[in-house]
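The values are calculated or read from the model by the stated rules, or taken from the named source; none is laboratory data. Quick caveat: nothing in here was measured; it's all calculated off a predicted structure. Cβ atoms come from the backbone with ideal geometry, glycine included; neighbour counts cover every protein chain shown. Just so you know, the surface numbers come from the protein's heavy atoms only, side chains and all, with ligands and any DNA or RNA stripped out. Shrake-Rupley method; radii C 1.70, N 1.55, O 1.52, S 1.80 Å.
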Amino acid sequence: MKKNNRKLFTAIIGILLIAVLSAIFGSKLNSITNKNFELAGGFQLVYQVDSSDQLTVEQVADVLEKRLYNFGAIEVEKTIEGSTVTLNYSGIEDSETVRKYLIKTGLVSFRNAADEELMDISALKENMPFMAAPSPKATEENPNISLLYILVGDAEKFRTVTTQLLFEASKYLVVWVDYEETMKFEKEIESTNPAFLAAAMVTTALDSDAYITSAHSFEDTKNIVATINAGALKAPVTEIGFAPVDATLGAKADVKVFSGIFASVLLIAVYFVYKYKLPGFVSALMVLGYTISSLVAISYLGVVFSTNIISLFVVSLFVGLAYLLHISETFVAIINTGRLPSTALETTYKNTLVNALAALTIQLTAGFIGYIAFKQYYLGYAITLMTFAVCSGIFFVLWQRFMLAALVSSNYFEAKAFGFRDSQPVKTVRFTELVNTRFHYVAVALILMGALLYVTNVKDYLKILLSGFLILAISTVIGGLYLKNRNRSNDLMILAAGTVTAVLGVMANGMLFAKTNEITVGLIYSNAAIALALIAFVLSQIKDQFSEKARGKLTDVKISNVFEEIFDTLFSEVAVVLVLSAIAAVLIFGFVLSFDNLGYTVLISVVLVYVVIVTGKLWLDYTLKNSNRPKSRKKRNIKEVKERTIFGINNPN
């Protein structure tokens with residue numbers, strides 16, 4: 001065949017682009033700051049509250065926590081012992097500045113030029129009364145001009161106060177923070193660093209949001225706003241301790257975890273290249289591109305890196321590897337039948353591409369619903385789910401197809417480069433033997449028991465848990481209706497059963513590894529949403545493979561043999577992916593000796609395998625039962641004919 005230099009050049013450009021993106025974004029992983037205490041160290045602040053009233057101490061602790069978050073903390077852990085409040089936080093680099101503002105009372109008052117109080121902060125919006133912004137009037141000579149936005153909550157009160165000022169000789173509205181009787185506006189207005197926050201002359205009655213020029217630089221104004229927006233302290237506090245703290249998983253835990261991620265990617269790449277040659281090389285590049293792009297993307301989107309997010313990454317990688325391995329295995333198997341690589345490529349992607357994109361769309365839908373409707377509980381997880389779905393679609397599905405097609409079309413490589421072997425012994429997991437054993441009863445009993453215990457331990461978070469179930473239910477219905485329309489089968493019920501199995505399995509794991517707090521409840525929804533995408537892909541692939549293999553007259557023996565071949569191959573692939581995912585989990589969490597997260601991630605992968613088994617078993621039982629349901633039809637002068645149908649393929653008896 002004539003060699004196609006253009007296609008080869010396209011493939012080389014694709015390889016170089018992956019390398020460049022990996023180098024650029026890979027270097028940014030070191031600069032990620034949004035990590036929780038498990039992966040990154042932080043600081044500890046200890047305060048003594050000047051009050052013995054427990055409610056007052058708790059209010060002070062809550063305000064201090066909010067202030068830390070307003071200053072950019074990634075995570076804050078607070079503990080209260082008597083009148084002592086301890087705050088551990090991460091993500092803030094300039095702790096010295098923050099400490100100066102944390103101890104301020106933060107009491108806001110609006111006064112006139114005679115220092116008479118006109119109103120307090122209650123007239124403004126409760127959650128965000130102020131905002132700070134650089135002034136458009138800032139110049140190189142005077143760059144520190146800033147604006148203070150006043151967000152009005154009680155319009156009637158604000159209009160009354162501003163109307164009153166119109167009738168005073170001096171029409172100044174002055175915003176004070178922690179006003180003291182010794183402070184005088186007429187004196188402070190002459191100062192280069194006045195004690196008040198901002199002041200402006202009122203020229204018209206106001207009943208809506210307004211802005212005035214701040215008396216301080218933008219940085220100072222921003223810090224003051226971060227302080228007062230968290231609320232005022234009901235009692236004075238004194239700082240009695242400040243010290244750095246190490247990450248929960250040890251020094252440089254983040255570096256070790258990321259090192260484990262790339263070590264696992266390297267081993268996965270070696271396996272794919274060794275097993276599948278050129279298609280494996282393309283798959284290895286996609287795994288690298290997906291890993292770096294997805295991790296960097298969620299960091300830029302504000303997701304806090306934690307062991308839960310890393311575990312979710314491994315689970316999403318499981319699904320991606322399952323797709324890549326299925327594509328590679330199918331492509332190489334077709335080549336080994338003697339077909340040309342171009343024919344093998346066309347056959348491999350005949351329906352697989354659509355099936356994969358549809359499955360990822362279901363995962364994207366689950367993430368989107370969680371982001372829009374339940375962002376209070378699932379914001380980080382929803383962003384992560386959507387990001388993983390988009391990156392999977394780009395690298396595992398579209399870019400992988402593009403790269404492999406370019407290499408095949410270049411005609412520079414013979415069949416052996418694509419994995420052709422003269423002899424090819426194939427070892428498969430016997431699905432029929434697996435499903436006919438009694439292990440299902442044991443597995444179901446353990447899962448149900450663990451799920452029940454999980455629910456009893458998270459009863460305080462049932463509202464969050466149920467909202468996650470609602471997201472999954474909506475996504476399952478959407479995905480099931482699509483599959484039912486496409487496959488002409490009862491996919492909705494099978495998809496629902498598989499999703500319920502995934503939910504119960506993840507809940508049982510959560511109980512086993514003590515992930516039963518408010519933060520980890522979101523893992524139920526997240527892992528089950530990824531499982532939902534996997535189930536949808538598996539259902540469509542089973543149907544398409546049966547339609548491809550079931551040629552000619554269908555007998556009971558042939559039906560049985562075709563199904564056996566499809567399921568044996570499917571579960572052989574899943575078993576390999578399980579091993580690869582387990583290795584990844586061992587490398588990632590083993591480096592930091594986090595055996596609970598290691599066990600949790602591996603068992604979630606086992607749950608995914610079991611979900612596929614349940615889905616396959618239900619699909620097989622339903623399909624065979626449906627195909628054996630005789631239908632009668634009578635025609636003129638023709639005796640009655642019985643026929644069976646599987647996926648629209650008729651078999652006259």
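Given the chain reduced to its alpha-carbon atoms as identical point scatterers, what log10 I(q)/I(0) does the Debye formula return at q = 0.05, 0.09, 0.12 Å⁻¹?
The Debye formula, applied to the Cα set alone, gives -0.34, -0.86, -1.23.
Can you flag which of Lys459/Lys515; Lys28/Lys66; Lys28/Lys256; Lys558/Lys625; Lys125/Lys157 are past 18 Å Cα-Cα?
Exceeds cut-off: Lys28/Lys66.
Could you pull out the pairs from Lys2/Lys277; Lys35/Lys222; Lys3/Lys549; Lys484/Lys549; Lys137/Lys184; Lys184/Lys222 whose alpha carbons sit more than 26 Å apart here?
Where the Cα-Cα span goes over 26 Å, the pairs concerned are Lys3/Lys549; Lys137/Lys184.
Under 5 Å between amide H atoms, partner at least 5 residues away or on a different chain: which partners does Tyr412 have, H built in plane at 1.01 Å?
Residues meeting the criterion, in which the H sits 1.01 Å from N, are Asn4.
What whole-number value in Å² describes the accessible area per residue of the chain for a 1.4 Å probe?
I get 47 Å² per residue for this part.
Tell me the net charge near Tyr172. Cut-off is 15 Å between Cβ atoms, Tyr172 excluded, with +1 for each Lys or Arg and -1 for each Asp or Glu.
Local net charge: -3.
How many percent of Cα pairs in region 36-91 exceed 12 Å?
Cα-Cα pairs of region 36-91 separated by over 12 Å account for 61 percent.
List, in order, the whole-Hz ³J(HN,Hα) value for each residue of region 576-593 obtained from phi through the Karplus relation with A = 6.51, B = -1.76, C = 1.60 and θ = phi - 60°; use x for Gly and Pro.
Per residue, the Karplus-derived 3J(HN,Hα) values read 5, 5, 4, 5, 4, 5, 5, 4, 4, 5, 4, 5, 5, 8, x, 4, 10, 6 Hz.
Can you give the relative contact order of the chain as a percent, counting alpha carbon pairs under 8 Å and 6+ residues apart?
Result for the chain is 15 percent.
Under unit Cβ charges (Lys, Arg +1; Asp, Glu -1), what dipole magnitude, rounded to 20 debye, does region 88-211 have relative to its Cα centre?
For region 88-211, the charge dipole is close to 140 debye.
May I ask you to list the aspartates and glutamates whose Cα is less than 14 Å away from that of Lys171, ignoring any residue fewer than eight positions away on the same chain?
Within reach: Asp115, Glu116, Glu117, Glu186.
I'd like the per residue volume of the convex hull spanned by the Cα atoms of region 1-103, given in cubic angstrom.
In region 1-103, the Cα convex hull volume per residue is 131 Å³.
With each run of n ≥ 4 DSSP H residues scored as -39500 (n - 2.57), what mean residue ellipticity at 222 nm is computed for the chain after dividing by its residue count and rounding to the nearest 500 deg cm²/dmol?
Value at 222 nm, helices only, nearest 500: -20000 deg cm²/dmol.
What's the carbon and sulfur percent of the chain's accessible surface, probe 1.4 angstrom, rounded to a whole number?
Using a 1.4 Å probe with all protein chains present, the chain comes out at 59 percent carbon and sulfur.
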